[in-house]
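Below is one structure, written out as structure tokens, with a few remarks after it.
Derivation of every value follows stated rules applied to the coordinates shown; laboratory data play no part. Predicted model, so just to flag it, every value in this text is computed and none were measured. Because the Cβ atoms are built from the backbone with ideal geometry, glycine has one as well, and the counts that use them run over all protein chains shown.
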């Protein structure tokens, strides 16, 4: 391969090999990404998690690492890398995990069944026991977590007990 100041000559075999090589995902840097880097609300340890939970804002990994390094120095950068690796492995950041433990996460599982299942009304037929058993077996066979399966069965039974649940009943 010959490289000049304004051009590059490659052999045809090298060009084919370069075209077949896997390409790294491209990261487009926008003005919004720049704002994420310099916004201290994104990078302060507890405040950043609460800020993103309240506003629904997100931050990309490179911007998180750069901003945490900007505001926290080398330790901030290391903690951002550790948080990014943890999030890649579990799907949740350290802050989201702690919020979930405290019961504030958007997907925090209820500690117990929120309300007893109402009895079926005359206008709404009760679900057949075979349907409930089939749904339960299907959830178990597909590896659904037990707490999620319990909520799904509760929702299925509840769909037969009231035509229009109140706002209080849904939470």
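Listed values, structure above:
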{"read-out": "Residue 79-residue 156 FRET efficiency (beta carbon distance; Förster radius 41 Å; 0.05 resolution)", "value": "0.45"}
{"read-out": "Segment residue 50-residue 134, extension gain: residue separation times 0.36 nm, minus the distance between their alpha carbons", "value": "26.2 nm"}
{"read-out": "Cα-projected label distance for residue 145 with residue 104, points at 7 Å along beta-carbon direction, nm", "value": "2.0"}
{"read-out": "Length released on extending from residue 94 to residue 34, taking residue separation times 0.36 nm less the Cα-Cα span", "value": "19.3 nm"}
